[in-house]
C-alpha cells in the first residue's frame, strides 16, 4: 500500500513537479501578531463563495427562468427532497459572504494593506465586492415572489435616474418597461454566466497577488525590527487553522440555513400594491436610506441624483486611497486615510441602522 | 517556558501514537461531514427519480377513445412513465405492448405496411401480434399488456407477474 502510493506519487511528481509545490508551501510563512485574526476573513469569504458555487449549481438543476420561475422555486422549496435546505443555504451563504467581504475589506483598509505594492489587490478586491453585490441583486429577483419583484423594480429606478442614458440602461437591463419574464431570464443569464465569468478570473488574480506579495503586516508591526517579527509556517500550521475556521463557518451556515429556512413569498403580481415595510437586503440598506433622506430634503429627482452622486464620489475616493496613502512615509495623509475609513464605516453603520429603524 | 507533556514519543507495543490517533480522528470527522453534506444532496438530486418510480407502479391505464382506432393503425400512449402502443389489427384483434425496445431502450414504432414493430436505433424487429423479437439485436420480446375494449375507451392492464 505504502509502496504503491509512493510509486504513484513519484510518477505524478516526475511529470507535474509536485515537489516544487510542496517546497513552496514549506517555505511560505504567515506573519503572527496581535492582528493576525483578520487574516482569516478573506479565506472565509472564499469559503462562502465556494458554497455559493456548489449550491448554485444544485439549484440550477431544477430552476427554470422565465414565466415558470416562481413555480420552479416553489417546487424546489416544497416538493424536492431537501430543496428548501439547498435554497436556504444559498441565500444564507450569500449574506454571510457579503458580511465576510465587508469585514475583510475594512480590516485590509485599517491595516493599510492597500499600500505599495498591493494596490492591485485593493482594486481587484473592490471589483469583486461590486460584482458580489450585483450577484446579490440579480439573484434576489430569481424566485419572482412579491418581495423580489418590488426590490428589483425599485432597484432599477436608481440607474434610471441617471441623466440621458439612465432610462435606456434600465430598460435594457429590464428587457422591457416593466419587470417580468424577460427580466428574470436576463438576470439569470447575468447571475449564472456573465458574473461568474467576470468574478472567477478576478478572484484568481486577487489570490495570486496574495501569493506574490505575501500577507501585509499592519504599520505597528512594520515598524518593529525584522528580528522581532514572528511568523508561522503556511503549511501545515496556518492551513490547519484555516481549515478550523472554515469548519466553524460551515457549522454557522448549516445551523442558520436549517433553523431559519429562507421564506418564499406569494407570487409576484403587478396589480397588488407593494407590501408594507418593504426594504432592500441589508447590504443595500445604507444606499436606500441615503436616497430616502435626500429625497425628503430635496424635491423630486434632485435628491436622488445628489444621493447617487454622493455615493459614487465616496466610492471613487475609497477606490483611490492607495494613491493618496501610498507607503509608510505617508505621515499625515495616512492618518487622514484612517479618519476617512472610520467616517465611511460610521456612515454605513448609522445609515443602515437608521434605515431599519425607519421601516 | 517549556511545557512537559505526559506522552511518550515512542509508543510501546500495541499502542497508538498521538499523531496516528489524531489522523484517524480527523479522518472520521471528515467522513461524518461528507456524509452530512452528501446525503441531502443525493436525496435532492434523486427527487424526480423517486417520483417517476412511484408513478411507474401503475397497473391500469385507460386509453381515451382508443376503441375508435381504425384497423391496421397504432396509437401511442403513456403507461405510467413508459411509452406504450395500442395496435388494432386487420383481423380486429387488439394488442398492447410496452414500446421500449429491449435492446437499448429506444421507442419502437408500428409499421402497418410491413406488418412489423421496428426499432430505428439498431434495426430491431418484433412481431406485432405477440411482441416476440424476430430479428436484429433485441434479446427479449416486448412486454405485453392485456387489452379490454369498452364503449368509452380501451383499458390496458399489466399482469402483475409480467416484467416491464
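Based on Cα contacts under 8 Å between residues 6+ apart, chain B shows a relative contact order of 17 percent. Pick out which of B:106, B:32, B:119 has the largest mean-square fluctuation in a Gaussian network model of chain B, springs linking Cα atoms closer than 10 Å. Comparing B:106, B:32, B:119 in the GNM, the peak value goes to B:32.
Spin-label model, residue B:21/residue A:241: points 7 Å from Cα along the beta carbon direction are separated by 2.5 nm. What is the distance in Å between the Cα centroid of region A:98-166 and that of region A:177-238? Going from one Cα centre to the other spans 14 Å.
Counting Cβ atoms of other protein chains within 10 Å of each Cβ in A:77-86 and taking the mean gives 4. Between the Cα long axis of helix A:18-27 and the first principal axis of chain A there is an angle of about 90°, rounded to the nearest 10.
Angle of helix A:40-60 to the longest C-alpha principal axis of chain A, folded into 0 to 90 degrees and rounded to 10: 50°. With axes computed from alpha carbons, what is the tilt in degrees of helix A:146-155 against the longest principal axis of chain A, rounded to the nearest 10 within 0 to 90? So the helix axis and the longest Cα principal axis differ by about 80 degrees. What is region A:88-168 by shape, rounded, prolate or oblate, if you read a ≥ b ≥ c off the alpha carbon gyration tensor as root eigenvalues and call it rounded for a/c under 1.5, prolate for a/b larger than b/c, and oblate otherwise? Judged from the Cα gyration tensor, region A:88-168 comes out oblate (a/c at least 1.5, b/c at or above a/b). Ordering B:86-99, B:138-151, A:36-49 by mean Cβ neighbour count within 10 Å, with the highest value first, yields A:36-49, B:86-99, B:138-151. The three principal axes of the C-alpha atoms in chain A carry coordinate ranges of 68, 60, 36 Å, sorted with the longest axis first. In the elastic network of chain B, a GNM with C-alpha springs shorter than 10 Å, the most mobile of B:104, B:31, B:45 is B:31. Here the contact order of region A:218-359, divided by its residue count and restricted to Cα pairs under 8 Å and six or more residues apart, works out to 25 percent. Among B:50, B:13, B:73, the largest mean-square fluctuation in a Gaussian network model of chain B (Cα springs under 10 Å) belongs to B:13. Mean sequence separation of contacting Cα pairs (under 8 Å, at least six apart), scaled by the length of chain A, corresponds to a relative contact order of 26 percent.
A protection proxy built from the mean count of other Cβ atoms within 10 Å ranks the segments A:292-302, A:228-238, most packed first, as A:228-238, A:292-302.
Across peptide B:41-51, the mean count of Cβ atoms from other chains lying within 10 Å of each residue's own Cβ comes to 5. Label separation (residue A:328 vs residue A:193): 5.0 nm, computed from points 7 Å beyond Cα along the C-beta direction. Counting only DSSP H runs of at least 4 residues, each contributing -39500 (n - 2.57), and dividing by the residue count of the protein assembly as shown, the helix-based mean residue ellipticity at 222 nm comes to -18000 deg cm²/dmol. Overall shape: oblate for region B:40-164, with the ratio a/c of the largest to smallest alpha carbon gyration tensor axis at 1.5 or above and b/c at least equal to a/b.
No lab work stands behind these numbers, since they all come straight from the coordinates. As the structure is a prediction and not an experimental result, all values here were calculated from the model. With ideal geometry, Cβ positions are generated from the backbone for all residues, glycine too; neighbour counts draw on all protein chains shown.
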